[in-house]
Every structure is written in structure tokens, then in C-alpha cells.
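Have a look at the structure below, then the notes.
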Amino acid sequence: MSRAEEATPRGEAGRQARREAHGQAQAHGPANAHGQAKASGPAPASGPASASGPGPRWPAGLLRSEIALTFRRWRTLVLLAVLAAVPVLIGIAVRIESGRRGGAGADGRGPAFLAQVAGNGLFLVFAALAVTLPVFLPMAAGVIAGDAVAGEAHTGTLRYLLVAPAGRTRLLIAKFAAAAVFCLAGTLAVALAALATGAALFPLGRVTLLDGSSLSLGAGLLRALAVAAVVALSLLGVVALGLFVSTLTDSGIAAMATTVGLVITAQILDGIPQLQAVGPYLFPHHWLSFADLLRQPVYWDGMAENLGLQAVYVAVFGSAAWARFTTRDITA
């Protein structure tokens, strides 16, 4: 065999080994493809690889990859399981308490809507969301958002992701969208677990609203779906804050801890009467305004203020995250 004939398979084997090494380091769908392209040298501008590259397809491909990466992690699955367990525990506790009180349910103390759960299992959805929104849901969202960029930098895969023609701005948007999808998934996990537990432990029927009017069960289910949507949107301010923190460090744990700490701090400040002038500007201040959906007619003012405030936080901290990420020297 001639030397030229030997060189071809050896060169191809070397390129294949380098491609496998990049794929193992990246552990990311689109990033693996880009790592292969980098290892095997630049592709011709007019070749088939360039025509089918990820640039034109980034909204679907990159976003789908980020969402899949988020929900494949054990941490995400554990967070969803914990969120789903909260309404189950609440329902069991209310069932035991109502049995002791002869079916009277809670005595009016405790979280909102808890007293109505024994009479209508659908109210367990509202009670569970009222319990998880101040603590569990924002902490889970903070963990996911805080790890979005810093986690990639810590594992050394961030620089491979930036090889993609999508660029830093599109990658940041995809990570924000993936974290927002998690917020929706977490809220639905709470709502669906509460609905299933409420249906199993308590009767279902017409829903008596806060103003005394009543709705059919079907209309009540639609209100519950609307409440879940408002709760998920209420977490976008936390996501933007966490994403900004994530661009400041290469440590995923530090970013997650900082984001969760900021959420707790905002909650504490919002509860101090002496700081009531500051409260309306803190992202948790209007979170429980979703209760206005349980009136006839619906009171929109509180929810409009809540969603408007979340939009401001997304704009401010999203812009800060973009400014930091697009000018950052990526070394990992």
C-alpha cells in the first residue's frame, strides 16, 4: 500500500477521534454538531453542510435543544417532583383535619383558599398555588435560571456553544425561553397534582367565587387554567434576575445560591411595614393578585400591575444580562 493511501484513513481516523472528544465534552445537541465542525476544519461556504447548518433553523433547533437539556437533568426532575408533592401533602392534611372536625374543613386559618378545599376539591388548585408561589416556585425558577449560563461555563461547554452561527444573543434568548418553559411546567405540575388530589379526596361541583357568585365546574376549570398561566408569568422577573446573575460568574452553585438569596431577600423586604413605599417595586409584591380571577367580574388592575412589573424586570435584567454576556471574555 502506498504512503498516500495510508494517509487518508489515518487522517480520517484522527478527525473522527477529535470529533468524539468534542462530542463528549459538550454533552449538548447543537453544541456537539458545532464541535465536530470545528474539529474537522472549516466547511466550504457553498457546500451542503453550510446550506443545512443551524443558522437558519436556530429558533426551533437551539430552543428545542435547550429545553431538552433542561428537562433531562436530574435536578429539574427532582424540582418538578417536589413541586407536585406539595399539593398532595396539603390535600392529605386537609382531609385528615376535616375528618377530625366532622367534614367542616379548615377553620379559616392558614393559606388562602384552604378553608374551601373540603367543600370543593378544585379549590386545592388555588390553595396549592398560593402556598408554592411565595417560596417553592420562585426558588425552583431561580435554580434553573441561575445555572443557565454559569453551569455551562463551569462544565466547560459554553465556549463550544458559542461556535454556533446563532451567536450569543440568540443563545441567551434560548436559555431565557427554556427557563420560562420550566416555570410553566412547574406551575402545571402543581396545578395538575392539586386537581388530581382534590378530585380523589374531596367532592367536585359548582365553584363559589370570592364575591359569592358561582360558576359551573367547567368554567371553574378554565379559571384554574388562567390562574396557572398568571402564576407562571409572575415568575419571569425571577428568571431574568437569575439569568443576569448567571452571566456574572462561572460557578453554577454560586449563581443559584445568589438568585435564591435575592428572592428570599425581596420577600423579606416586601413584608416589612416600614418599607411599604419600596414594596410595590419588588417583583413578589403583586404575586397573589391571581386571586382576582376568582371574582365576577374579574378585577384586572392587580394582575396588570403584576405583569407590568414582571415585564420591567425582564427588560432591565434581561438587558443587563445581554450587555454582560455579549461583552464577556469566555474562557470556559
Filter result for Thr249 (assigned to a loop (DSSP other than H, G, I, E, B), of a type outside the set (Gly, Ala, Ser) and in contact with a Ser or Thr (Cβ under 9 Å, 6 or more places away or on another chain)): yes
Those residues of the range 170-198 that are farther than 21 Å from Gly252 by Cβ and either over 19 Å from the mean Cα position of the chain (by Cα) or at pLDDT 90 or above (or both) come to a total of 13
Mind checking whether some residue in the range 76-94 is within 25 Å of the chain's Cα centre (by Cα), surrounded by fewer than 17 Cβ atoms within 10 Å (Cβ to Cβ) and either of a type in the set (S, T, N, Q) or at pLDDT below 90 (or both)? no
Does Asp292 satisfy being part of a helix (DSSP H, G or I), modelled with pLDDT under 95, surrounded by fewer than 22 Cβ atoms within 10 Å (Cβ to Cβ) and touching a helix residue (DSSP H, G or I) at 6+ places or on another chain (Cβ under 8 Å)? yes
Members of the range 207-223 found to be assigned to a loop (DSSP other than H, G, I, E, B) and either surrounded by fewer than 14 Cβ atoms within 10 Å (Cβ to Cβ) or at pLDDT 90 or above (or both), listed by number: Asp211, Gly212, Ser213, Ser216
Hey, Ala277 hits all of (1) open to solvent by 50 Å² or more (accessible area, probe 1.4 Å); (2) closer than 22 Å to Ala291 by Cα; (3) free of Cβ contacts under 8 Å to residues at least 24 places away in the same chain but one; which does it fall short on? (2)
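Residue-wise test of (1) within 17 Å of the chain's Cα centre (by Cα); (2) of a type in the set (A, V, I, L, M, F, W, C); (3) farther than 23 Å from Ile173 by Cβ.
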| site | (1), (2), (3) |
| --- | --- |
| Leu201 | no, yes, yes |
| Ala226 | no, yes, yes |
| Leu243 | yes, yes, no |
| Asp250 | no, no, no |
| Thr265 | no, no, yes |
Starting from the range 224-248, take each residue that is farther than 14 Å from Leu309 by Cβ and list its partners that are part of a helix (DSSP H, G or I) and of a type in the set (S, T, N, Q), counting only C-beta distances under 7 angstrom and pairs at least six apart or across chains. Ala228/Thr187; Val231/Thr187; Ala232/Thr187; Gly242/Thr259; Val245/Thr258; Val245/Thr259
Looking at (1) outside any helix (DSSP H, G or I); (2) at pLDDT 50 or above; (3) aliphatic (A, V, I, L, M), which is the only condition Ala45 fails? (2)
Taking the range 280-304, which residues are in contact (Cβ under 8 Å) with a residue 24 or more places away in the chain and of a type in the set (A, V, I, L, M, F, W, C)? Phe283, Trp287, Leu288, Phe290, Ala291, Leu293, Leu294, Met303
In the range 111-146, the residues that are within 20 Å of the chain's Cα centre (by Cα), more than 13 Å from Leu83 (Cβ to Cβ) and open to solvent by 10 Å² or more (accessible area, probe 1.4 Å): Ala130, Pro134
Of all residues in the range 254-274, which are hydrophobic (A, V, I, L, M, F, W, C), in contact with a Gly (Cβ under 9 Å, 6 or more places away or on another chain), free of Cβ contacts under 8 Å to residues at least 60 places away in the same chain and part of a helix (DSSP H, G or I)? Leu269
Evaluation of Pro284 against (1) in a helix (DSSP H, G or I); (2) open to solvent by less than 40 Å² (accessible area, probe 1.4 Å); (3) closer than 18 Å to Ile144 by Cβ (one fails), failing number: (1)
Single condition Ala229 does not satisfy, out of (1) open to solvent by less than 60 Å² (accessible area, probe 1.4 Å); (2) in contact with a strand residue (DSSP E or B) (Cβ under 6 Å, 6 or more places away or on another chain): (2)
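The values are calculated or read from the model by the stated rules, or taken from the named source; none is laboratory data. What you are looking at is a predicted structure, and each value in this text was computed from that prediction instead of being measured. Glycine gets a Cβ as well: all are built from the backbone with ideal geometry, and neighbour counts include every protein chain shown. Just the protein is used for accessible areas: all its heavy atoms, side chains included, with ligands, DNA and RNA removed. Shrake-Rupley method; radii C 1.70, N 1.55, O 1.52, S 1.80 Å.
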